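Chemist: Have a look at this one.
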Amino acid sequence: MINNCNGKNNHINILLVNPWIIDFKAYDLWMKPLGLLNISSILRRNGYNVYLIDCLDRNHESVIKKGRDYGTGKFESEIIEKPALYKKIPRYYKRYGISLEAFLNDLKKIPHPDIILVTSGMTYWYPGVHLAISMLKEKYPSIPVILGGIYATVCSDFAKIHSRAVVFPGSNMSEFLYLLETYTGINHTFYGPFSPDYSHYEKLDYASIVTSKGCPYNCTYCASKKLDPSFVSRNPYEVISEIKFIKKSCNISDFAFYDDALLLNPGIKTILEEVSREYLKFHTPNGVHSGFIDLTMAGLLRKAGFKIINLSLETVDENIRILTGNKVKIYEFESALDNLYREGFSKKDIRIYTMMAIPGQTFHEVDKTIDYIFKLGLKNNLSVFSPVPGSCDFTKIKSDLSDPLTHNTSYQYYVGEWFTFEERKFLMDKVHRLNSRVS
């Protein structure tokens with residue numbers, strides 16, 4: 001979807017691009033390019049003409065929409081050739097999002113850009129990022145392309161060599177505006193507070209928001225500290241105003257919190273209390289922290305309109321919990337469940353995130369965790385450990401991880417270390433079998 005937010009003072013056109021996902025699997029769980037949308041708000045206030053092409057917009061005019069619950073759904077996709085590293089993986093490799101033709105058609109509809117900003121997600125999605133940059137370079141060979149986002153931050157050296165873009169790692173907005181100044185010659189003002197600029201979308205099913213940046217924990221499998229070194233909470237009343245504004249201006253009722261540590265925001269209870277009067281539906285794609293779900297919090301989550309509660313557990317093994325950061329204790333987890341049940345949530349409203357093949361973890365420990373979750377009558381979202389650059393566990397992997405394609409969870413499922421493929425397959429099959437028995 002293309003839209004323009006007219007600037008007041010400058011005649012500089014900036015194009016924002018959210019590229020395709022290229023992977024073995026992808027699903028729209030309230031995915032919006034929040035970084036780009038926040039930047040759009042700042043650029044607008046500095047007087048630029050801003051345009052957005054979101055290759056993952058499921059409401060794009062070229063897409064036959066496949067919707068599911070609460071605005072989620074399947075992306076359009078096309079099977080493509082696997083890179084050499086993935087040749088032995090027995091799954092289809094796909095490009096998810098709008099067609100290449102639709103992307104080129106969108107480019108024809110906008111004024112010639114003076115600067116192009118491209119974002120990036122998972123490190124192993126970089127083929128979609130590079131494809132977008134290549135197509136942009138072909139059409140606008142003399143226009144600077146700046147690449148930011150997760151891949152650009154945690155794999156900045158690789159991106160600088162292979163992406164053909166100017167790579168901006170990190171999330172420091174002042175540094176970004178200084179970089180932009182080198183191309184425009186314009187001294188920028190960092191206006192704030194600001195909210196994601198959803199005016200780019202003609203039709204919206206949901207909105208993604210954050211109440212904080214970063215995480216105070218130091219889990220060994222996570223690179224949150226590299227993305228956002230400090231944990232910073234937003235003013236709760238700014239968040240409340242943002243939710244109310246988006247609800248009214250976009251006529252939507254589904255909101256997804258994409259915080260790394262949602263319940264650790266000191267103002268979260270104020271936020272939940274206020275938005276409970278808006279009759280909305282809230283979702284947490286990232287797992288929330290069990291240790292902060294007392295009876296009051298459970299009641300607020302219910303009252304505010306949370307539909308599915310995803311709880312992070314990772315493992316029931318005490319040694320592995322301590323080894324990986326000791327974020328969740330079993331007694332806190334069980335207390336959280338009890339509080340959620342007492343406030344009206346049912347077992348079908350709760351999902352548990354667990355992990356397997358964390359460095360140091362054993363097959364039997366994961367099997368024990370699977371049995372524990374099943375005895376509780378809950379569904380288990382078991383994920384394969386993915387080595388993330390910047391995390392402590394990344395350094396424990398002995399195999400060559402220089403190509404970010406090796407970070408892919410599907411790749412790790414088939415050839416990863418610590419467990420054999422037969423062990424990983426047994427555990428995953430067991431989870432699928434037991435989940436099917438949970439009503």
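Chemist: Search segment 371-389 for residues being of a type outside the set (A, V, I, L, M) and farther than 19 Å from K425 by Cβ, and hand back the single one that is surrounded by the fewest Cβ atoms within 10 Å (Cβ to Cβ).
Modeler: K375
Chemist: Would a scan of segment 393-404 turn up a residue that is buried (at least 20 other Cβ atoms within 10 Å of the Cβ) and polar (S, T, N, Q)?
Modeler: No; the residues of segment 393-404 include none that is buried (at least 20 other Cβ atoms within 10 Å of the Cβ) and polar (S, T, N, Q).
Chemist: Something else: Any idea which of R91, R164 is charged (D, E, K, R), touching a helix residue (DSSP H, G or I) at 6+ places or on another chain (Cβ under 6 Å) and surrounded by fewer than 18 Cβ atoms within 10 Å (Cβ to Cβ)?
Modeler: That would be R164, the only listed residue that is charged (D, E, K, R), touching a helix residue (DSSP H, G or I) at 6+ places or on another chain (Cβ under 6 Å) and surrounded by fewer than 18 Cβ atoms within 10 Å (Cβ to Cβ).
To keep it simple, each residue is scored yes or no on (1) free of Cβ contacts under 8 Å to residues at least 60 places away in the same chain; (2) surrounded by 14 or more Cβ atoms within 10 Å (Cβ to Cβ).
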| residue | (1), (2) |
| --- | --- |
| N49 | no, yes |
| G71 | no, yes |
| F75 | yes, yes |
| P83 | no, no |
| R95 | no, yes |
| H112 | no, no |
| L131 | no, yes |
| Y140 | yes, yes |
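Chemist: Would you kindly identify the helices (runs of 4 or more DSSP H) lying entirely within segment 362-439 that contain at least 1 residues that are within 30 Å of G128 (Cα to Cα) and in contact with a strand residue (DSSP E or B) (Cβ under 9 Å, 6 or more places away or on another chain)?
Modeler: In segment 362-439, the matching helices (runs of 4 or more DSSP H) lie at 409-415, 421-435.
Chemist: How about segment 258-295: which of its residues are of a type in the set (S, T, Y) and closer than 20 Å to N339 by Cα?
Modeler: T270, S276, T284, S290, listed by residue number.
Chemist: Something else now. For segment 399-427, give me the residue count where each residue is over 30 Å from D371 (Cβ atoms) and of a type outside the set (G, A, S).
Modeler: Adding up the residues that qualify gives 6.
Chemist: For residues that are in contact with a helix residue (DSSP H, G or I) (Cβ under 9 Å, 6 or more places away or on another chain) and either surrounded by 24 or more Cβ atoms within 10 Å (Cβ to Cβ) or free of Cβ contacts under 8 Å to residues at least 12 places away in the same chain (or both), tally how many sit in segment 23-35.
Modeler: 0
Chemist: Out of all the residues in segment 417-439, which are touching a Lys or Arg at 6+ places or on another chain (Cβ under 8 Å) and surrounded by 11 or more Cβ atoms within 10 Å (Cβ to Cβ)?
Modeler: E417, N435, V438
Chemist: Shifting gears a bit: If a residue must be surrounded by 15 or more Cβ atoms within 10 Å (Cβ to Cβ) and either of a type in the set (A, V, I, L, M) or outside any helix (DSSP H, G or I) (or both), how many such residues does segment 147-161 contain?
Modeler: 8
Chemist: Considering each of I110, I116 in turn, give the residue that is farther than 30 Å from S224 by Cα, of a type outside the set (G, A, S) and in contact with a strand residue (DSSP E or B) (Cβ under 6 Å, 6 or more places away or on another chain).
Modeler: I110
Chemist: Among helices (runs of 4 or more DSSP H) lying entirely in segment 28-142, which contain 2 or more residues that are of a type outside the set (S, T, Y) and either closer than 21 Å to P285 by Cβ or within 18 Å of the chain's Cα centre (by Cα) (or both)?
Modeler: 34-45, 126-139
Chemist: Looking at (1) in a loop (DSSP other than H, G, I, E, B); (2) farther than 17 Å from L37 by Cβ; (3) out of contact with any helix residue (DSSP H, G or I) (no Cβ under 8 Å at 6 or more places or on another chain); (4) not acidic (D, E), find the lone condition where L179 falls short.
Modeler: The number of the failed condition is (1).
Chemist: Across segment 2-27, which residue is modelled with the highest pLDDT among those that are under 20 Å from the mean Cα position of the chain (by Cα) and closer than 17 Å to L204 by Cα?
Modeler: Among them, the one singled out is N18.
Listed here are the residues, each with its yes/no results for (1) closer than 24 Å to L405 by Cα; (2) in contact with a Ser or Thr (Cβ under 8 Å, 6 or more places away or on another chain).
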| site | (1), (2) |
| --- | --- |
| D23 | yes, yes |
| P33 | yes, yes |
| N38 | no, yes |
| N49 | no, no |
| E61 | no, no |
| I64 | no, no |
| R68 | no, no |
| G73 | no, no |
| L85 | yes, yes |
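Chemist: K368 - would you say it is surrounded by fewer than 16 Cβ atoms within 10 Å (Cβ to Cβ) and either touching a residue at least 12 places away in the same chain (Cβ under 8 Å) or outside the structural domain of K425 (by TED's automatic domain parsing) (or both)?
Modeler: Criteria met by K368.
Chemist: Among the numbered conditions (1) of a type in the set (V, I, T); (2) assigned to a loop (DSSP other than H, G, I, E, B); (3) surrounded by 16 or more Cβ atoms within 10 Å (Cβ to Cβ), tell me where I186 comes up short.
Modeler: It fails just one condition, (3).
Chemist: Moving on. Give me the residue from segment 320-352 that is modelled with pLDDT under 90 and in a helix (DSSP H, G or I) and, out of that set, nearest to D393 (Cα to Cα).
Modeler: The extreme case among them is T324.
Chemist: I've got another one for you. Those residues that are of a type in the set (S, T, Y), closer than 21 Å to Y51 by Cα and out of contact with any Asp or Glu (no Cβ under 6 Å at 6 or more places or on another chain), I need them from segment 172-222; list them, please.
Modeler: Residues satisfying the conditions are Y178, T182, Y183, T184, T189, Y191, Y198, S199, Y201, S208.
Chemist: Let me spell it out: the conditions are (1) modelled with pLDDT under 95; (2) under 27 Å from V145 (Cβ atoms), and V232 meets all of them except one. Which number is the exception?
Modeler: (2)
The values are calculated or read from the model by the stated rules, or taken from the named source; none is laboratory data. These figures come from a predicted structure and were not determined experimentally. Don't worry about glycine lacking a Cβ; one is built from the backbone with ideal geometry, like all the others, and counts go over all protein chains shown.
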